[in-house]
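Inspection log for the structure reproduced underneath, given as structure tokens.
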Amino acid sequence: MTYTPQQQSAQPVVDVPLSAPLYTASPPDAVIRFFKKYATFSGRASRCEYWWWVMVNGIVTTLLYFSAVLAGINEVMAGVMIALGLLGAWLLATLVPGVALIVRRLHDANFSGWMALLLLIPVLGGIALLVFVLMDAKPEGQRFDRPAGFQEQALAGN
């Protein structure tokens with residue numbers, strides 16, 4: 001009896017609307033959705049969307065930081081300034097969507113987005129928030145979803 005592995009066919013990912021969490025996100029999917037939902041604080045984000053982004057952000061931030069350190073070791077001040085400028089630009093560009101992603105992740109675990117303010121409490125707030133974002137999705141979190149066109153309907157008075 002021989003084992004023959006089954007061929008894996010490349011199945012296209014079903015298009016999940018941006019208003020819904022993508023529970024099977026790959027790293028590129030997570031990064032694309034992160035920037036497409038730049039300042040969207042409503043809705044939900046799955047654990048894989050959140051953690052893939054945390055990993056990509058950590059890698060980019062680390063590379064930019066070490067490029068500044070290496071330029072500093074070689075005493076190339078122009079290189080240090082450029083690397084620190086790029087690092088600062090990256091951190092500023094990802095600040096608002098990062099907070100929005102945390103809020104959406106809290107929504108998926110059925111917590112209020114205001115719980116993100118726990119980050120303002122030194123050490124313990126970060127630990128508590130880490131526990132909350134590690135929690136599994138809860139069906140009750142659907143209460144934070146807003147269907148597409150919700151704001152347009154509210155503004156039109158329908």
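What follows is calculated from the coordinates using simple rules that are stated; it is not laboratory data. As the structure is a computational prediction, the values presented were derived from the model and not from experiment. With ideal geometry, Cβ positions are generated from the backbone for all residues, glycine too; neighbour counts draw on all protein chains shown.
For the reader, a short list of remarks on this structure follows.
- Ordering SER46, SER26 from the fewest to the most neighbouring beta carbons within 10 Å gives SER26, SER46.
- Three-way shape call for the range 39-136 based on the alpha-carbon gyration tensor, with the a/c threshold at 1.5: prolate
- The length gained on full extension between THR62 and TRP114, counted as 0.36 nm times the residue separation minus their Cα-Cα distance, comes to 15.9 nm.
- Chain lengthening between ARG146 and ALA78 when straightened (0.36 nm per residue, less Cα-Cα): 19.7 nm
- Formal net charge of residues neighbouring MET115 (Cβ-Cβ distance under 13 Å; K, R +1; D, E -1): +1
- Listed by Cβ neighbour count within 10 Å, with the fewest neighbours leading, GLU49, GLU140 appear as GLU140, GLU49.
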